[in-house]
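Novice: One structure, as structure tokens, below. Some questions next.
What follows draws every value from the coordinates through simple rules; no lab data is involved. These figures come from a predicted structure and were not determined experimentally. Every residue, glycine among them, receives a Cβ derived from its backbone with ideal geometry; neighbour counts consider all protein chains shown.
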Amino acid sequence: MANWYRAAGVDLRLDSPVTHLDLDADRILVAIGARPDVRWLGDSFAYAPDGALLVTAQLRTSVGNVFAVGDCAAYYSERYGKHIRVEHWDNALRGPQTVADNVLGGSAEHDPVPYFWSEQFGRMVQYVGRHAATDKMVVRGDLGDAAWTVCWLDDSSRLSAALAVGKPRDLAQGRKLITASSVLDAARVADPGRPLTSATL
Ligand SMILES: Cc1cc2nc3c(=O)[nH]c(=O)nc-3n(C[C@H](O)[C@H](O)[C@H](O)COP(=O)(O)OP(=O)(O)OC[C@H]3O[C@@H](n4cnc5c(N)ncnc54)[C@H](O)[C@@H]3O)c2cc1C
């Protein structure tokens, strides 16, 4: 993906912390990420270490009848066995559906497989799941081509995440395999000529 940026004339410098500014420019835009800023809500609420509101799987905060969704909330995920914060549009869209159900007396839980899509230089990029830096990365296809997929397998060979560029079928199948905690054969995953679902063990 870095090559897409370079081809578009973007000077992409990775692993280069900014220590000072020495630029000849009229304007400088500094955009170095986002973080929750909700502590002003006070001590009645419980917070995650990163400052997000800590909520249950039902998206309830520690204050009665107050719910939180989206980027500012770290919800308890049964799927991952811990509180997670997902900074994706899809997560912010689904959360309110769970809250509406619970406000109306239900007991719905919010635990979708995390998903985002983005368009980068005319390419459709979709990512589903959540992988750890230690997961095994398996490339499906040629990264120089217009369409390819990268999968991650955890230490039990379960599919933890898939990043699909112009590969909607891999994305859809990847989502099903992640939801089912499917164990996959890495060599078959790496073969783009076979459907991803045929890599199950
Ligand atoms: C540059 C950028 C690119 C992104 N690209 C993608 C992408 O490609 N795909 C994807 O899935 N996600 C992407 N995201 C993430 C996605 O935008 C967020 O996950 C999503 O918008 C979160 O929705 P939200 O409703 O939780 O929060 P927000 O969309 O941030 O909405 C919070 C709202 O609350 C308002 N607000 C804050 N404080 C107060 C207050 N005290 N009183 C009243 N209102 C207040 C804010 O003004 C804002 O309108 C991107 C985010 C950024 C910043």
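Novice: Given R₀ = 25 Å, what would the calculated FRET efficiency be for Leu143 paired with Asp11, taking r from the Cβ atoms and rounding to 0.05?
Specialist: Here the calculated transfer efficiency is 0.75.
Novice: Just need log10 I(q)/I(0) for the stretch 65-201 at q = 0.09, 0.11, 0.16 Å⁻¹, Debye formula, equal scatterers on the alpha-carbon atoms, no solvent, rounded to two decimals.
Specialist: The Cα Debye sum returns log10 ratios of -0.30, -0.44, -0.84.
Novice: Could you check the simple spin-label distance between Asp37 and Asp191, using points 7 Å along Cα→Cβ, in nm with one decimal?
Specialist: About 5.3 nm, to one decimal.
Novice: With r as the distance between the Cβ atoms of Ala133 and Asp101 and R0 = 45 Å, compute the FRET efficiency 1/(1 + (r/R0)^6) and round to 0.05.
Specialist: After rounding, the FRET efficiency stands at 0.80.
Novice: Another one. State to the nearest 20 debye the size of the charge dipole of the chain about its Cα centre, where the only charges are +1 on K and R beta carbons and -1 on D and E beta carbons.
Specialist: With Lys and Arg at +1 and Asp and Glu at -1, about 560 debye.
Novice: Can you give the convex hull volume of the alpha carbon atoms of the stretch 1-155 per residue, in Å³?
Specialist: It comes to 180 Å³ per residue, whole-number rounded.
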